[in-house]
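A short worksheet on the structure shown next.
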Amino acid sequence: MITKLAGGFVLDPANGVNGEQRDLFIDNGRIVGAPADGRVDRSYDLRGLMAMAGAIDIHSHVSGGKVNLARLLMSEDHRDVTVARGALTRSGGGQATPSSFVTGYRYAAMGYTAAFEPAMVPSNARSAHLEMADLPIIDKGTYVMLGNDELLLRMLAEGTEQERIDDYVAWMMQATAALGVKTVNPGGISAFKFNGRGLDIDQAGPQHGVTPRRVIQALARALHELGVPHPLHTHCNNLGIPGNIETTLATIAAAEGFPIHLTHAQFHSYGKEGDRHFSSAAARLAEAVNRNRNVTLDVGQIMFGQTVTASGDTMAQYRNRVFASPDKWILMDIECDGGCGLVPFRYRDKNFVNALQWAIGLELFLLIEDPWRVFLTTDHPNGAPFTAYPTLVRLLMDRGYRNDCLKTLHPAAQKATNLGSIAREYTLEEIAIMTRASPARLLGLADRGQLGIGAAADIAVYAEDADRERMFRAPRYVFKDGVEVSGESGIAALPMGATHVVRPEFDKGVTGPIKSFFDDHMTVGFAHFPLSQGELDDAGVRVLEHACRPRRRA
Amino acid sequence: MPGIACPFCGLVCDDLVLEAGRVDSRGCAKGAAGFARPTGTREHRIAGRPATFEAAAAAAAALLAGAQQPLITGLGADIAGVRALLALADRTGAIVDRWQSAAQLNNLAVMQRAGALAATFGEIANRADAVLLLGRDPTREHPRLFERLLRNRTALYRSAAPWVSYLGPPALAPSDIPLAVRAPVEASALVDALGALSAVIRGKRVANSAAVALPLAALGEIAERLKAARYGAILWEAAAFTAGEAQIAAGLVLHILRFLTLTTRCVGLPLGGSDNAQGVAQTMLWQAGWPGRVSFATGTPEHDPWRFDAERLLAAREVDALLWVAALSPTPPPASTVPTVALVGPDVTLPAPAAIEIRVGVPALDHAGAVVRVDTVIALPLAAARPSALPSVAAAAAAILERIGAPR
């Protein structure tokens with residue numbers, strides 16, 4: 001069946017198409033060339049409308065045990081925000097911590113066709129993937145958290161050679177059906193279990209004597225050698241601490257030129273200058289990113305209002321408990337491989353620190369020159385729920401609006417930021433790069449984020465509107481793998497998106513020591529730890545595997 | 001030969017051995033009983049008369065769709081089963097409550113209001129050097145708990161066996177682990193003793209009076225050990241407390257944990273709840289935003305721990321159709337005059353014929369599946385120890401939903 005999207009302006013930066021009027025044809029979920037016989041089964045009139053690839057969120061806490069604990073803790077959110085079942089759709093609720101179905105519907109209705117859960121604790125992989133089987137429409141995938149798993153820390157402490165580290169990382173990615181690897185406060189979550197309350201990048205951890213720098217080196221290199229497309233997704237040490245810019249810059253250096261992605265960088269761009277000993281260091285980080293082409297980052301913008309912070313970083317979350325609003329928090333140590341912490345937050349525009357955080361995030365967006373290396377996130381739900389994205393797009397594209405907002409903030413925060421003097425406004429093409437073309441490239445999803453022949457027909461169609469928030473809030477049509485999933489009367493179809501994974505190869509010899517570790521110490525059997533294909537199939541998970549290009553040393 | 005996992009208590013031990021059709025439950029009576037369940041009957045019934053699965057599913061669909069207010073309870077099912085039951089509940093506007101969920105919800109209510117400091121088995125087994133067992137012997141509910149978490153010999157980060165203490169009624173004290181300190185109090189004074197322990201840990205002076213006689217010396221010793229521990233752990237079952245005191249107890253435990261965490265590490269492990277209780281709570285949380293006692297009657301999920309209590313709803317006859325689900329433990333539906341669809345394992349004996357009986361497979365016996373451990377984070381895969389063609393709860397719920405069809 002050929003579907004024609006006729007006469008729209010197409011914005012497809014991955015293929016160098018910048019707003020030209022052209023027809024798109026879809027067959028069997030893919031973009032195809034114009035049919036030779038001219039036959040079209042269904043046609044959409046896109047004249048005056050703008051088509052882009054579906055948006056891709058590279059960092060959003062949408063699934064897994066931590067998200068479920070956040071839902072539990074945020075019972076007010078589920079009491080106050082409810083979503084009724086529809087003819088097609090399931091009921092649910094929550095704004096900061098939406099239920100699984102509602103998460104899928106809201107993303108799709110905003111033109112997003114994929115979101116990636118960035119903090120899957122290895123031992124939680126089975127639960128997380130089963131939960132994602134109830135996350136409809138959009139594609140998904142996970143980054144497995146490493147760098148606080150006791151086995152890896154012990155391997156590093158023992159001086160295990162890099163090849164074995166690579167094998168372990170590859171085994172873990174396969175076992176947990178992951179697309180990427182994230183490290184969260186490398187070494188710090190483990191340190192907190194030994195009652196460590198802080199860990200800087202060159203500080204030896206309390207039990208293993210391993211520094212965060214060593215963890216970052218080993219993991220960044222492993223992913224490079226295994227040829228995993230997504231570089232090490234890095235939540236630096238010292239999240240939220242004034243002066244943490246030094247740690248963040250040191251983290252870039254620790255990657256030693258290997259690709260590294262800094263996540264929710266806003267929370268890691270703080271200086272300690274000024275009367276309040278809290279200042280913006282966004283310019284310093286932006287300058288480092290501009291200079292180091294191996295570095296990408298997503299911002300983790302905060303927006304004002306109620307949310308909940310959900311993080312694997314128990315050490316930071318314990319520190320942040322004093323800011324909990326409402327005053328309640330959950331911390332959990334998990335299975336010698338990770339942890340999680342949930343702290344509700346209400347970001348206030350009249351609070352100096354919150355106001356400056358908002359400005360720091362925007363400074364990062366605007367000072368990093370290359371839109372291919374900065375990604376639009378709020379670290380959902382940590383900075384704000386993902387539903388804030390259209391507002392964020394407007395802040396980036398509309399200087400007048402941005403400066404109007406700035407004027408309402410805490411006065412000292414206004415003085416502490418250069419934001420008002422930054423003239424840059426993102427273009428539509430730059431927005432398309434940072435939310436489509438570049439995320440797909442950074443994740444190794446060759447057929448997503450673009451509209452070339454053969455690409456998946458994940459497409460969002462917008463009516464041009466000078467109010468960019470309104471434009472991006474409600475696309476006219478959204479297609480997922482060629483199926484219209486969202487249109488003028490809401491959710492139109494409920495296909496199940498795919499779960500993207502990579503399966504890097506490893507030397508089977510690595511499983512011996514891993515099995516011994518499981519046999520001796522773990523409470524889940526070695527045979528039961530990995531997810532099997534059969535389990536994923538039974539749960540209705542459609543796995544899409546992407547290629548790795550190993551760069552092993554001879 | 002890798003082990004198989006056992007879904008018959010919240011520990012979900014996964015080292016049981018299946019050989020030649022027989023399961024070695026590694027000494028656990030609960031597991032042995034679960035895996036030795038009779039194959040029973042495979043006969044589906046409508047009004048007591050044999051029926052095909054398709055006919056029974058159609059009759060169940062008619063009953064549930066025609067009801068003013070259906071109730072889905074029991075809920076002893078694997079994750080796939082719970083997912084499918086919630087879809088059915090959403091479609092029919094049913095109320096959903098796991099049978100006897102009160103104790104678990106008491107713990108969860110404290111998490112909702114105040115939070116938690118928790119850890120999974122792997123942390124406690126590898127680190128805990130001082131342990132307080134609170135309320136009663138947890139191995140009655142979780143037989144291999146001590147073997148797996150406290151008597152394990154190759155812990156990563158503790159060299160000796162952990163120091164273990166007990167606060168609770170002497171008659172319910174654990175006998176299967178050496179107790180360094182016993183603080184005997186009857187159940188009626190348990191919350192008082194926990195309050196006193198909290199005060200002692202904070203360095204407050206606590207004295208007995210004519211009315212109250214608490215084991216203060218023992219409480220003092222427990223307080224000192226938890227404060228001096230590198231990684232302490234408090235294990236309790238909400239069901240060990242009276243209904244009115246379970247939330248107070250969980251709150252006091254959290255109070256203690258928070259104070260201790262100022263200087264060292266100490267974590268809580270709430271126990272209890274069989275039949276994939278945590279899997280039910282987790283699945284309800286991700287699908288509906290609430291861990292239990294949810295009504296879909298208005299079209300949006302609504303949570304009310306009193307109104308949507310299954311036992312109360314049945315007693316008060318506020319529901320006019322009951323979908324009773326018991327695939328994991330062989331629990332017959334409660335006596336009631338409410339027209340009932342029973343999705344029950346093959347060995348469940350019904351006290352009276354249900355309107356519709358659908359015999360479903362038992363996860364881990366008849367079919368594969370997954371359940372969640374009591375420490376919430378970890379789901380484990382179940383193998384089919386004696387595979388059969390019985391439909392799973394997921395298949396039965398999906399068949400019923402299919403026959404109800406989409407809303408008009």
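Using the structure shown, decide if B:Ala354 is surrounded by 20 or more Cβ atoms within 10 Å (Cβ to Cβ) and within 24 Å of the chain's Cα centre (by Cα). It is false that B:Ala354 is surrounded by 20 or more Cβ atoms within 10 Å (Cβ to Cβ) and within 24 Å of the chain's Cα centre (by Cα). Restricting B:Ile201, B:Ile256, B:Ile248 to residues that are touching a helix residue (DSSP H, G or I) at 6+ places or on another chain (Cβ under 6 Å) and either among the charged types (D, E, K, R) or open to solvent by 30 Å² or more (accessible area, probe 1.4 Å) (or both) narrows the list to B:Ile248. Could you check segment B:292-313 and list, in sequence order, the residues that are aromatic (Phe, Trp, Tyr), in contact with a helix residue (DSSP H, G or I) (Cβ under 9 Å, 6 or more places away or on another chain) and away from chain A (no Cβ under 11 Å)? Across segment B:292-313, the qualifying residue is only B:Trp306. In segment A:398-409, the residues that are in a helix (DSSP H, G or I) form Cβ pairs under 8 Å with partners that are modelled with pLDDT of 95 or more and open to solvent by 40 Å² or more (accessible area, probe 1.4 Å), at six or more places apart or across chains, as follows: A:Arg399/A:Ala423; A:Arg399/A:Arg424; A:Arg399/A:Glu425; A:Tyr401/A:Arg394; A:Leu406/A:Gln414.
Can you tell me which residues in segment A:322-352 are out of contact with any helix residue (DSSP H, G or I) (no Cβ under 6 Å at 6 or more places or on another chain) and surrounded by fewer than 19 Cβ atoms within 10 Å (Cβ to Cβ)? Within segment A:322-352, A:Val322, A:Phe323, A:Ser325, A:Pro326, A:Asp327, A:Arg346, A:Lys350, A:Asn351 qualify. Among the residues of segment B:155-176, those identified as of a type outside the set (Lys, Arg), part of a loop (DSSP other than H, G, I, E, B) and either over 17 Å from B:Cys13 (Cβ atoms) or in contact (Cβ under 8 Å) with a residue 60 or more places away in the chain (or both) are B:Ala155, B:Leu156, B:Tyr157, B:Ser159, B:Ala160, B:Ala161, B:Pro162, B:Pro169, B:Ala173, B:Pro174, B:Ser175. Taken as a whole, segment B:252-272 holds at least one residue that is part of a strand (DSSP E or B), among the basic types (Lys, Arg) and within 14 Å of chain A (Cβ to nearest Cβ).
Considering segment B:131-151, and only residues there that are in a loop (DSSP other than H, G, I, E, B) and in contact with a Ser or Thr (Cβ under 8 Å, 6 or more places away or on another chain), the residue that is nearest to B:Cys28 (Cα to Cα) turns out to be B:Glu141. In segment B:277-291, of all residues being touching a Gly at 6+ places or on another chain (Cβ under 8 Å) and open to solvent by less than 10 Å² (accessible area, probe 1.4 Å), the one that is farthest from the other protein chains (Cβ to nearest Cβ) corresponds to B:Ala277.
Listed here are the residues, each with its yes/no results for (1) in contact (Cβ under 8 Å) with a residue 24 or more places away in the chain; (2) within 14 Å of chain B (Cβ to nearest Cβ); (3) closer than 17 Å to A:Arg448 by Cα.
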residue	(1), (2), (3)
A:Asp27	yes, no, yes
A:Val32	yes, no, yes
A:Asp37	no, no, no
A:Ser43	yes, no, no
A:Arg47	yes, no, no
A:Ala53	yes, no, yes
A:Asp57	yes, no, yes
A:Lys66	yes, yes, no
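Just one residue in the set B:Ala60, B:Ala80, B:Ala56 is in contact with a strand residue (DSSP E or B) (Cβ under 9 Å, 6 or more places away or on another chain), assigned to a helix (DSSP H, G or I) and farther than 29 Å from A:Val102 by Cβ; that residue is B:Ala56. Among the residues of segment B:86-103, is any among the aliphatic types (A, V, I, L, M), touching a helix residue (DSSP H, G or I) at 6+ places or on another chain (Cβ under 6 Å), within 13 Å of chain A (Cβ to nearest Cβ) and over 25 Å from A:Arg126 (Cβ atoms)? Taking every residue of segment B:86-103 in turn, none turns out to be among the aliphatic types (A, V, I, L, M), touching a helix residue (DSSP H, G or I) at 6+ places or on another chain (Cβ under 6 Å), within 13 Å of chain A (Cβ to nearest Cβ) and over 25 Å from A:Arg126 (Cβ atoms). On the stretch given as segment A:138-184, residues that are of a type in the set (Ser, Thr, Tyr) and either closer than 30 Å to A:Leu494 by Cβ or open to solvent by 10 Å² or more (accessible area, probe 1.4 Å) (or both) total 4. A single entry from A:Phe526, A:Phe506 fulfils the requirement of being more than 14 Å from chain B (Cβ to nearest Cβ), within 17 Å of A:Tyr168 (Cα to Cα) and surrounded by 17 or more Cβ atoms within 10 Å (Cβ to Cβ): A:Phe506.
The condition of being away from chain A (no Cβ under 14 Å) and either on the phi > 0 side of the Ramachandran plot or crowded, with 18+ Cβ neighbours inside 10 Å (or both) holds for only one of B:Thr139, B:Thr120, that being B:Thr139. Can you spot a residue in segment A:132-153 that is in contact with a strand residue (DSSP E or B) (Cβ under 8 Å, 6 or more places away or on another chain), in a helix (DSSP H, G or I) and within 13 Å of chain B (Cβ to nearest Cβ)? Yes - at least one qualifying residue is present in segment A:132-153. A residue that is buried (at least 17 other Cβ atoms within 10 Å of the Cβ), in a loop (DSSP other than H, G, I, E, B) and within 14 Å of another protein chain (Cβ to nearest Cβ) cannot be found anywhere in segment A:452-472. Mind listing just one residue for me: the one in segment A:189-217 that is within 14 Å of chain B (Cβ to nearest Cβ) and of a type in the set (Gly, Ala, Ser) and, of those, surrounded by the most Cβ atoms within 10 Å (Cβ to Cβ)? So, considering only residues that are within 14 Å of chain B (Cβ to nearest Cβ) and of a type in the set (Gly, Ala, Ser), the one surrounded by the most Cβ atoms within 10 Å (Cβ to Cβ) is A:Ser190.
B:Val12 satisfies every condition listed in (1) open to solvent by less than 20 Å² (accessible area, probe 1.4 Å); (2) in contact with a helix residue (DSSP H, G or I) (Cβ under 6 Å, 6 or more places away or on another chain) except (2). Surrounded by fewer than 24 Cβ atoms within 10 Å (Cβ to Cβ), in contact (Cβ under 8 Å) with a residue 12 or more places away in the chain and under 30 Å from B:Gln278 (Cα atoms), is that true of A:Leu88? Yes; evaluated as a whole, the condition is true for this residue. Right, A:Leu356: touching a residue at least 12 places away in the same chain (Cβ under 8 Å), within 22 Å of A:Ala388 (Cα to Cα) and away from chain B (no Cβ under 14 Å) or not? So A:Leu356 fits the description; yes. I'd like the residue in segment B:177-188 that is modelled with pLDDT of 95 or more and either touching a Leu at 6+ places or on another chain (Cβ under 9 Å) or basic (Lys, Arg) (or both) and, out of all such residues, is most open to solvent (accessible area, probe 1.4 Å). Checked segment B:177-188; the qualifying residue most open to solvent (accessible area, probe 1.4 Å) is B:Arg182.
Let's see how each residue does on (1) of a type in the set (Asp, Glu); (2) within 12 Å of chain B (Cβ to nearest Cβ); (3) out of contact with any Asp or Glu (no Cβ under 8 Å at 6 or more places or on another chain):
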{"site": "A:Ala84", "(1), (2), (3)": "no, yes, yes"}
{"site": "A:Gly93", "(1), (2), (3)": "no, yes, no"}
{"site": "A:Thr97", "(1), (2), (3)": "no, yes, no"}
{"site": "A:Pro118", "(1), (2), (3)": "no, no, yes"}
{"site": "A:Arg126", "(1), (2), (3)": "no, yes, no"}
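Filtering segment A:99-116 to residues that are assigned to a strand (DSSP E or B) and either under 25 Å from A:Asp538 (Cα atoms) or within 11 Å of chain B (Cβ to nearest Cβ) (or both) leaves A:Thr113, A:Ala114, A:Ala115, A:Phe116. A residue that is open to solvent by 70 Å² or more (accessible area, probe 1.4 Å), of a type outside the set (Asp, Glu) and not in a loop (DSSP other than H, G, I, E, B) cannot be found anywhere in segment B:233-240.
The values are calculated or read from the model by the stated rules, or taken from the named source; none is laboratory data. No experiment lies behind these values; they were computed from the predicted model shown. Heads up, the Cβs are rebuilt from the backbone with ideal geometry, glycines too, and the neighbour counts pull from every protein chain shown. For the accessible areas, the whole protein counts, side chains as well, though only heavy atoms, and no ligand, DNA or RNA atoms are used. Shrake-Rupley method; radii C 1.70, N 1.55, O 1.52, S 1.80 Å.
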